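Asker: The following block contains the structure, expressed as structure tokens.
The values are calculated or read from the model by the stated rules, or taken from the named source; none is laboratory data. As the structure is a prediction and not an experimental result, all values here were calculated from the model. Every residue, glycine among them, receives a Cβ derived from its backbone with ideal geometry; neighbour counts consider all protein chains shown. Surface accessibility is based on the protein's heavy atoms, side chains included, excluding ligands, DNA and RNA. Shrake-Rupley method; radii C 1.70, N 1.55, O 1.52, S 1.80 Å.
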Amino acid sequence: MNRGRRDALHKGSRATLLALVAAAGWLPSGAVRAQAWNKAAFDAHTLGDTMKALGGGEPTQSKDVAFFQTPEIAENGAVVPIGVSSSVPKTEAIAILIEKNPNMLAAVFDIPPGTEPTITTRVKMAQTSNVYALVRADGKYYVASKEIKVTLGGCGG
Amino acid sequence: MRNATLAAALLAFAVGACVTTPSDQELAGKAAVMLKSSFKANGQATLDRLDQDETQRICSEFAGKALPGDVAQKLEKLNLATIKYPADGKLTGDWRNGEKIAQEGRGKQFSDDPSGPVGGNCYACHQLAPQELAYGTIGPSLYQFGKLRGYGMETQRYVYGKIYNPEAYAACSNMPRFGHNGILSEQQIKDLTALLMDPQSPVNR
Amino acid sequence: MSDPMKIRASVTGDTTEVKVLMSHEMETGQRKDTDGKTIPAWFIQNVSVTWNAKTVLSAQWGTAVAKNPFLSFKFKGGAKGDKITITWIDSRADKRTDEAVIS
Amino acid sequence: MSRPIRGTAALWLLAAASAWGQSSTVDEIARYRAALQDGNPAELWEARGEELWKQKRGPKQVSLERCDLGIGPGVVKGAYARLPAYFADSDRVMDLETRLVWCVVTLQGYSEAEAKARPFGNGSDRRSDIEALVAFVTSESRGVAMNVGLTHPKEIEMYRIGEKIFYYRGGPHDFGCVTCHADEGKRIRLQDLPKLTTREGAQKAYTTWPAYRVSQGELRSFQWRLNDCFRQQRFPELVFGSDASVALTLYLARNANGGIFDAPAIKR
């Protein structure tokens, strides 16, 4: 079943993503909490399992979630700059997921009131992949995605 | 009067040159000695790699400048004589293997496994198959090499020979002498020749 | 012993921008050493940033955050001379706290 | 693109693809590099290097704060922009790394073998003190114009030998520095190659080393840069702090004169 999910996701279909997430069944918000480490979410290998472990509602694909300072091609997958900003009111958390990494979830940031829903960090990517920016705002989930290509650099040695 | 000034200038230059620094030849000698004491053997990369053959010595001496015609001719003749064509007379192999060899950058570095792969690393310097975007530009683009020149035997011989010893065709070329220096095997050179010369190769499609 | 973080915090108008570099291997658990043995995962799991005893950011990280992590964000409030405190805890339960003054 | 995104997957992907298709590979890699500039982990090495510089260490329990990098004991600001240079106390032309080793030995009392034990770092349990010190000292020349003098006869000779080494071709591949670095606008794969025989090219290259290499997660010194070039040239291993390494460094540093030093940098 997991295998099938991944294959569906590889096709990059938005409709499939939404269907999967809906099927996974979101837990109530608040599962992302400071100073606890959500092992189940970080251990998950599929998008459905990751989101299930994170908990929450059905994510809406949203243009209010945006990548910035995020190149489309990474010269080296060891360090890929990612910026995510949300203009969804009452944004509470931002997560970064990398579809083709061994474990999809890279990072979750809790955004308390007064902190701008804008995060810049750097992640590792095993290969060219879709990257998802997931936002929880007022208990609801929103998502945007972007493909980042990872190139081989240099002299082959 | 102009001549007198020139003579004075030349004299000053000559005197200056004598007094301050050693000759070019002396410096080359000092550099060679310094190199010997500045490197250590590491794995397959032994110190004898610092010893130059005549081609390397002459190309170093001219320091990237154009060679005089007679010197270039002499070098090309010397290197042309080293090319060994396959005994079976067949110059092309499998372009699929050739593509792998062209992509492979490892081989002969002290960090490489001596029993591991040795490639031609052609994409480091040349455009070949259009699918590979990460190609270098030290050498000319080889895209559509055979298609533009024809797939005839003479061109095949040139390609095989050029990979075997490029110094035979262009003295002090930047390209390694893959056959002459034992970097690639006869079969590997055949496969690379196919990559450029097989009509089915992505290079020609 | 881990190295100190490099923290920069500066205020413009009513917004403070925090930029931090942390010294950490962020080992994925996927790599092998020269003998072919898997190098165990070792990475920062939790980060929290406080200003005036208020948490202004907290994060959970996995192994996919890059080595020597970098993070930047902004929050409302903060004045020149205020203290910013950042703490990380890694998967070996090592912990490090550093402070910086808002400029 | 301001085009509204519709609900169906196909349309969304189409819009995205056309927007992404507009920028070329080279432009995108330039964007990638630009995005890394803010927050260079090299700062972590600079900070550790500064600590090491000030710490009382070694058998003699003294700091390096009396180390003479060429413009007086303890003067770090701008020192790197004048190196390599001839030092009367050692009667040698020295680059920063060999000078640091000299200070660690003569001031702190370590043996030369101890001082050179780990020229290049590899992970948090095999860190290089030299690379950290290099990060600190070079950071103190940021914004300073390169100003390498050729006045002492030994400097002049080392420069000219460095030039010879630059053009020295050898090994199974016939490679020399000249193979990759004597032409304008060339690249290996997608890596741009600086033409090091011109002022402009040398400035661009030399003023951006040392650098944090993201591919390795390490700060790399100029000695490391040379060592790794020779590895790829299929040469034997360049000995850390050897005469050839100093001669070549002098050749390149001098060619970069006038360039504004801007390192430690960050590179792929």
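Asker: Look through D:E28, D:E50 and report the one residue that is open to solvent by 10 Å² or more (accessible area, probe 1.4 Å) and either farther than 19 Å from D:W209 by Cβ or among the acidic types (D, E) (or both).
Answerer: Numbers: D:E28 fails: open to solvent by 10 Å² or more (accessible area, probe 1.4 Å).
Just a single option satisfies the conditions, and that option is D:E50.
Asker: Which condition from (1) without any contact (Cβ under 8 Å) to a residue 40 or more places away in the chain; (2) under 17 Å from B:R177 (Cα atoms); (3) open to solvent by 60 Å² or more (accessible area, probe 1.4 Å); (4) not hydroxyl-bearing (S, T, Y) is the one that B:A87 breaks?
Answerer: So the condition that B:A87 fails would be (2).
Asker: Here is a further query. Please go through the range A:55-82 and give me each residue that is part of a loop (DSSP other than H, G, I, E, B), open to solvent by 20 Å² or more (accessible area, probe 1.4 Å), at pLDDT 90 or above and facing chain D (nearest Cβ under 10 Å), ordered by number.
Answerer: Selection gives A:K63, A:Q69, A:E72, A:A78.
Asker: Suppose we filter B:K108, B:K74 for residues that are assigned to a loop (DSSP other than H, G, I, E, B) and under 19 Å from the mean Cα position of the chain (by Cα); which single one remains?
Answerer: B:K108
Asker: From the residues in the range C:28-45 that are facing another protein chain (nearest Cβ under 9 Å) and buried (at least 18 other Cβ atoms within 10 Å of the Cβ), which one is farthest from the chain's Cα centre (by Cα)?
Answerer: C:T28
Asker: Now for a separate question. Residue under question is B:P199, and the condition is that it be at pLDDT below 95 and open to solvent by 20 Å² or more (accessible area, probe 1.4 Å); does it hold?
Answerer: no
Asker: Mind listing whichever residues of the range D:143-157 are among the charged types (D, E, K, R), buried (at least 18 other Cβ atoms within 10 Å of the Cβ) and in contact (Cβ under 8 Å) with a residue 24 or more places away in the chain? Before the answer, list the steps.
Answerer: The first filter runs over the range D:143-157 and keeps only residues among the charged types (D, E, K, R), leaving D:154-155, D:157.
Those left that are additionally buried (at least 18 other Cβ atoms within 10 Å of the Cβ): D:155, D:157.
Within the range D:143-157, D:E155 is the sole residue that qualifies.
Asker: Here's another thing I want to ask about it. Please work out if C:T16 is hydroxyl-bearing (S, T, Y), out of contact with any Leu (no Cβ under 9 Å at 6 or more places or on another chain), open to solvent by 40 Å² or more (accessible area, probe 1.4 Å) and on the phi < 0 side of the Ramachandran plot. Write out each step before concluding.
Answerer: Values: hydroxyl-bearing (S, T, Y): yes; out of contact with any Leu (no Cβ under 9 Å at 6 or more places or on another chain): yes; open to solvent by 40 Å² or more (accessible area, probe 1.4 Å): no; on the phi < 0 side of the Ramachandran plot: yes.
The answer is no for C:T16.
Asker: On to the next question. Please find, among B:A9, B:A66, the residue that is modelled with pLDDT under 95 and open to solvent by less than 60 Å² (accessible area, probe 1.4 Å). Full working, then the answer.
Answerer: Numbers: B:A66 fails: open to solvent by less than 60 Å² (accessible area, probe 1.4 Å).
When all the criteria are applied, what remains is B:A9.
Asker: Another one. Within the range D:170-189, which residues are surrounded by 20 or more Cβ atoms within 10 Å (Cβ to Cβ) and either touching a residue at least 24 places away in the same chain (Cβ under 8 Å) or more than 7 Å from every other protein chain (Cβ to nearest Cβ) (or both)?
Answerer: Within the range D:170-189, D:G170, D:G171, D:P172, D:H173, D:F175, D:G176, D:C177, D:T179, D:H181 qualify.
Asker: Sort out which residues of the range D:243-268 are farther than 17 Å from D:L150 by Cα and open to solvent by 10 Å² or more (accessible area, probe 1.4 Å), and write them in order of number.
Answerer: D:I260, D:D262, D:A265, D:I266, D:K267, D:R268
Asker: Output yes when any residue across the range B:90-107 is touching a helix residue (DSSP H, G or I) at 6+ places or on another chain (Cβ under 6 Å), in the same structural domain as B:A170 (by TED's automatic domain parsing) and under 25 Å from D:V178 (Cβ atoms), and no when none is.
Answerer: Scanning the range B:90-107, I find at least one residue that is touching a helix residue (DSSP H, G or I) at 6+ places or on another chain (Cβ under 6 Å), in the same structural domain as B:A170 (by TED's automatic domain parsing) and under 25 Å from D:V178 (Cβ atoms), so the answer is yes.
Asker: Given the range D:92-175, what helices (runs of 4 or more DSSP H) lie entirely inside it while holding 3 or more residues that are under 25 Å from B:L50 (Cβ atoms)?
Answerer: D:96-106, D:153-166
Asker: Of all residues being among the charged types (D, E, K, R) and surrounded by 22 or more Cβ atoms within 10 Å (Cβ to Cβ) in the range D:220-242, which is farthest from the other protein chains (Cβ to nearest Cβ)? Just the residue, please.
Answerer: Only one residue fits best here, namely D:R220.
Asker: State yes or no: is B:G119 touching a helix residue (DSSP H, G or I) at 6+ places or on another chain (Cβ under 8 Å) and outside any loop (DSSP other than H, G, I, E, B)?
Answerer: no
Asker: Separate question: Could you say which residue among C:N68, C:N52 is open to solvent by 30 Å² or more (accessible area, probe 1.4 Å) and touching a residue at least 12 places away in the same chain (Cβ under 8 Å)?
Answerer: None of the other options fit; the residue is C:N52.
Asker: Might you check whether a residue that is among the hydroxyl-bearing types (S, T, Y), over 12 Å from the mean Cα position of the chain (by Cα) and assigned to a loop (DSSP other than H, G, I, E, B) occurs anywhere in the range B:150-164?
Answerer: Yes: one or more hits.
Asker: Quick check, is D:L196 over 11 Å from the mean Cα position of the chain (by Cα), within 14 Å of chain B (Cβ to nearest Cβ) and in a loop (DSSP other than H, G, I, E, B)?
Answerer: On the way: over 11 Å from the mean Cα position of the chain (by Cα): yes; within 14 Å of chain B (Cβ to nearest Cβ): yes; in a loop (DSSP other than H, G, I, E, B): yes.
When the stated conditions are applied, D:L196 passes them.
Asker: Using beta carbons and a limit of 8 Å, which pairs, at least six apart or on different chains, have the first residue in the range B:57-82 and more than 10 Å from every other protein chain (Cβ to nearest Cβ) and farther than 23 Å from B:A31 by Cα and the second one of a type in the set (V, I, T) and assigned to a loop (DSSP other than H, G, I, E, B)?
Answerer: Within 8 Å, no pair qualifies.
Asker: Here is a further query. Quick one: in the range D:33-48, which of the residues that are part of a loop (DSSP other than H, G, I, E, B) and free of Cβ contacts under 8 Å to residues at least 24 places away in the same chain is nearest to the other protein chains (Cβ to nearest Cβ)?
Answerer: Step by step, filter the range D:33-48, then rank; the result is D:G39.
Asker: Name the single residue, out of those in the range D:109-128 being over 19 Å from the mean Cα position of the chain (by Cα) and in contact (Cβ under 8 Å) with a residue 24 or more places away in the chain, that is surrounded by the most Cβ atoms within 10 Å (Cβ to Cβ).
Answerer: Only one residue tops the list, namely D:Y110.
Asker: Since D:L226 meets every condition but one in (1) modelled with pLDDT of 95 or more; (2) farther than 27 Å from D:C103 by Cα; (3) hydrophobic (A, V, I, L, M, F, W, C), which condition does it not meet?
Answerer: Condition (2) is where D:L226 drops out.
Matching residues to (1) open to solvent by 10 Å² or more (accessible area, probe 1.4 Å); (2) in contact with a Ser or Thr (Cβ under 7 Å, 6 or more places away or on another chain); (3) modelled with pLDDT under 95:
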{"site": "B:G107", "(1), (2), (3)": "no, no, no"}
{"site": "B:V118", "(1), (2), (3)": "yes, no, no"}
{"site": "B:Q131", "(1), (2), (3)": "yes, no, yes"}
{"site": "B:S141", "(1), (2), (3)": "yes, no, no"}
{"site": "B:L148", "(1), (2), (3)": "yes, no, no"}
{"site": "B:Y151", "(1), (2), (3)": "yes, no, no"}
{"site": "B:Y158", "(1), (2), (3)": "yes, no, no"}
{"site": "B:N174", "(1), (2), (3)": "yes, yes, no"}
